[in-house]
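What follows is a single structure, written as structure tokens, with notes after it.
The values are calculated or read from the model by the stated rules, or taken from the named source; none is laboratory data. Here the structure is a predicted model, which is why all the values come from computation and not from measurement. Quick reminder, even Gly has a Cβ in these numbers, built from the backbone with ideal geometry, and neighbours come from all protein chains shown.
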Amino acid sequence: MTSATLYALTGIIIFILGLRGLIIYEHFLRKVIAINVMGTGIFMFLIAMADRNTGAAPDPVPHAMVLTGIVVAVSATAFILALIVRLYDATGAVTFEDIYQHAKDEEQ
Amino acid sequence: MYVDYFDYVLALILIFLTWQMLRVKDLLTSIVLFIIFGMLIALAWMQLKAPDIALVEAVIGSALTGVLFLGALGYIESKSQVVYVEKKNVLITSRVYTISLTILTAFLGFILFLTMWKLPEQQVGLHHHAMSALPESGVKNPVTAVILNFRGYDTLLEIGVLLLVVIAVFALNATRLVIINTSLKRKSRILAAFLYLLSPLMVLVGFYMLWAGGHAPGGAFQAGAMLAGVGILMLMGGGSLPLSMKFRVMRFIYAIGFASFICVGILVGNETRHFLQYPPSLAKYLIFMIEIFATISIAATLVTLFAGCTGLLLAQEDHVVKVKGKSL
Amino acid sequence: MEIHQYVALSFLFVGVLFFIAGAFGLLRFPDTYSRLHALTKADNIGLGFIILGIAIEMGDLSVFIKLVLVWVLIIFSSATSCYLIARAALRMDKNEQE
């Protein structure tokens, strides 16, 4: 097993843990953390695959893609967090249950 | 082709940390574990021979994202009168649901693992193409060459995404606000003194990272994040920044990264018949010019995103200042 | 291994011991303030020893100066964040007392 294979396996496990965390947990902030973890797992897999070159230096194209990916992930996280903060300011909701409750209260 | 013991230990720590970070009941602990996770991932990038990504991950992926999370959590906790009941039941409560979901995701992981196992262990990627075209690209660092020259479209759209997110964050919040002033609630003399001493150094290091991107790990994004750090510290220690679309200067600053990239693409497209195809003699200067404008844009965008995530852009009485009557 | 590599290794080891001591203090002390005390002091000195070890291993003067600059900056930011955490903890304690 090369070190690239080990890190690819770690990337897969981190992605799976993030996916499970995204579905299971209720609080929005925890879901966003899980989304970030999923992204990091995928990046690790991609870079581990880039390290398989014949020769010494790794392939720079996946490196560039992951760099772009990290910045876009941060932008998306910032937007989701701004949405969460705005939603909390408007309704006081931090889970989907709270939103349903708030909608039911609004109806009455 | 043997695996270093360090890699095994690091991989185990990362998996354990991921599991714990999602599992702890307290959100503050979760976010702190996320920051630590990001730093250890930066270490993993170094082991995978990717120093540029290690730099970006440590600065933006771990520290900046952690700060955004902490800001959001701080806003939610400071406004809530009731301690959130989730501290008792973190999960969706049905046991059968949780266990079946765990089994399903583990199965998905197993399929992904089998797919990876079938891939060849040694392979030739685009490494040769990138390295052989490197002298014509104008920079010596292959990752910078790929980002800003060979795959310039991706970076163009990435800067476009940043601009879009800033517009969206402003659209969510009160757009009458003009200057964000945090001195009333958060003024801190020690932080102000820290900034007074160190912000020249931070700006210098930021611009050095921009310059060094041509021949060493570095580039526009790391430099932009460093400069954004100065802005964020200023907001956290009680300062005032004009984060609003009402000022023409701020609109210019937000848009200049994307706009300069498009302009350069069109201008060189006139000469070489392809959008964003730099003539090899001018490539170095064009790349540097694009990077300078992108750095300024990225720094302003990240500071504004921080303000948006921390609840500073919402119309509240204790930290915003409205400029009355003046048309800007 | 030569003699200077043994010296560097021992400095690195001492630095790691200080970090472990700081982590122990973080886990075992009862209060936020005592934990801050353990962390900032032990971590900065541990980092100093690690930097000394790296500098002896590298042997280059410019690298040594850069590393010492890194150490000084980390001390600065660690002291500032320690103050800010202590101030926030004090405010939370005052709010709880009311």
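For (1) among the polar types (S, T, N, Q); (2) touching a helix residue (DSSP H, G or I) at 6+ places or on another chain (Cβ under 9 Å); (3) buried (at least 16 other Cβ atoms within 10 Å of the Cβ), each residue gets a yes or a no:
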| position | (1), (2), (3) |
| --- | --- |
| C:Glu2 | no, no, no |
| C:Leu17 | no, yes, no |
| C:Ala23 | no, yes, no |
| C:Asp43 | no, yes, yes |
| C:Val72 | no, no, no |
Task: Pairs where the first residue, in the range B:105-122, is within 19 Å of A:Gly21 (Cα to Cα) and at the interface with chain A (Cβ under 8 Å from one of its Cβ atoms) and the second is surrounded by fewer than 11 Cβ atoms within 10 Å (Cβ to Cβ) and at pLDDT 90 or above, C-beta under 7 Å, 6+ apart - done: none
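With respect to A:Arg20, determine if the residue is buried (at least 19 other Cβ atoms within 10 Å of the Cβ), facing chain B (nearest Cβ under 7 Å) and within 22 Å of B:Ile99 (Cβ to Cβ).
Numbers: buried (at least 19 other Cβ atoms within 10 Å of the Cβ): yes; facing chain B (nearest Cβ under 7 Å): yes; within 22 Å of B:Ile99 (Cβ to Cβ): yes.
Yes: the conditions hold for A:Arg20.
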- [ ] Mind listing whichever residues of the range B:32-54 are facing chain A (nearest Cβ under 7 Å) and within 16 Å of A:Ile35 (Cβ to Cβ)?
- [x] B:Phe34, B:Ile41
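If you go through the range B:127-136 one residue at a time, do you hit one that is in a helix (DSSP H, G or I), over 26 Å from A:Ala48 (Cβ atoms), more than 7 Å from chain A (Cβ to nearest Cβ) and not charged (D, E, K, R)? Steps first, please.
Step one: list which residues in the range B:127-136 are in a helix (DSSP H, G or I), which gives B:127-132, B:134-136.
Then drop every residue that is not over 26 Å from A:Ala48 (Cβ atoms), which leaves B:135-136.
Next, from what is left, pick out any that are more than 7 Å from chain A (Cβ to nearest Cβ): B:135-136.
Subset that is not charged (D, E, K, R): B:135.
Yes, the range B:127-136 has at least one match.
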Open item on the list: Quick check on this structure: which one of A:Ala48, A:Ala8 is within 7 Å of chain B (Cβ to nearest Cβ), in contact (Cβ under 8 Å) with a residue 24 or more places away in the chain and touching a Leu at 6+ places or on another chain (Cβ under 8 Å)?
Closed with: A:Ala48
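Which of the residues that make up the range B:139-175 are part of a loop (DSSP other than H, G, I, E, B) and of a type in the set (A, V, I, L, M, F, W, C)?
We begin by selecting, within the range B:139-175, every residue part of a loop (DSSP other than H, G, I, E, B); these are B:139-141, B:151, B:173-175.
Result: B:Val139, B:Ala174.
Let's see how each residue does on (1) among the aromatic types (Phe, Trp, Tyr); (2) in a helix (DSSP H, G or I):
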| site | (1), (2) |
| --- | --- |
| A:Lys31 | no, yes |
| A:Thr40 | no, yes |
| A:Phe45 | yes, yes |
| A:Ala57 | no, no |
| A:Thr68 | no, yes |
| A:Ala73 | no, yes |
| A:Arg86 | no, yes |
| A:Ala93 | no, no |
| A:Ile99 | no, yes |
Open item on the list: Can you pull out every residue in the range B:142-164 that is over 26 Å from B:Met245 (Cα atoms) and of a type in the set (Gly, Ala, Ser)?
Closed with: B:Ala145, B:Gly152
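Please work out which residue is surrounded by the most Cβ atoms within 10 Å (Cβ to Cβ), limiting yourself to the range A:23-48 and to residues that are more than 21 Å from B:Met39 (Cα to Cα) and out of contact with any strand residue (DSSP E or B) (no Cβ under 8 Å at 6 or more places or on another chain).
A:Phe28
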Open item on the list: So if I check each of B:Gly224, B:Gly229, B:Gly213, B:Gly265, which one is on the phi < 0 side of the Ramachandran plot and modelled with pLDDT under 90?
Closed with: B:Gly213
Task: Check on A:Gly18, under 30 Å from B:Ile298 (Cα atoms), assigned to a helix (DSSP H, G or I), modelled with pLDDT of 95 or more and in contact with a Phe, Trp or Tyr (Cβ under 7 Å, 6 or more places away or on another chain) - done: no
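So, A:Tyr88, is that one surrounded by 17 or more Cβ atoms within 10 Å (Cβ to Cβ), in contact with a strand residue (DSSP E or B) (Cβ under 8 Å, 6 or more places away or on another chain) and not charged (D, E, K, R) or not? Spell out how you get there, then give the answer.
Details: surrounded by 17 or more Cβ atoms within 10 Å (Cβ to Cβ): yes; in contact with a strand residue (DSSP E or B) (Cβ under 8 Å, 6 or more places away or on another chain): no; not charged (D, E, K, R): yes.
Judged against the criteria, A:Tyr88 is not a match.
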